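Some notes on the structure that comes next.
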Amino acid sequence: MRKAIDLLRPGGYFVIGQDLCDDEDIARHPYDVGHPIRLRREDLAPYLDTLSTVLHRDLSREEGRDPRLHYATLVYAGLKR
């Protein structure tokens, strides 16, 4: 995340859509073969806090890609200062 944001020019946009998992999700489904890296909101927050938020939406479990595996889905766009 840090490298991706560092590569942006000032005024450049960073856009991400990311499924979010918590300990409860991981306990219920310890393996997600297609997505072995699982992120929590607090994993991403320090990086996104360095940007000016243009759009930030958390989709609910039901709105996300796989409600069995993810408590939310982050939809984010930010502008590098």
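The values are calculated or read from the model by the stated rules, or taken from the named source; none is laboratory data. Just so you know, these numbers come straight off a predicted model, no measurement behind them. Methodologically, a virtual Cβ is constructed for each residue, glycine included, from the backbone with ideal geometry; neighbour enumeration extends over all protein chains shown. Protein only, heavy atoms only, side chains kept; ligands, DNA and RNA dropped before computing areas. Shrake-Rupley method; radii C 1.70, N 1.55, O 1.52, S 1.80 Å.
For region 14-34, a residue qualifies if it is of a type in the set (Phe, Trp, Tyr) and over 24 Å from HIS56 (Cα atoms), and exactly one does: TYR31. Each residue in region 58-81 was checked for being open to solvent by 60 Å² or more (accessible area, probe 1.4 Å) and either under 11 Å from the mean Cα position of the chain (by Cα) or more than 23 Å from ASP23 (Cβ to Cβ) (or both), and 2 pass. Of everything in region 36-57 that is in contact with a strand residue (DSSP E or B) (Cβ under 7 Å, 6 or more places away or on another chain), in contact (Cβ under 8 Å) with a residue 24 or more places away in the chain and surrounded by 14 or more Cβ atoms within 10 Å (Cβ to Cβ), the residue that is nearest to GLY78 (Cα to Cα) is LEU51.
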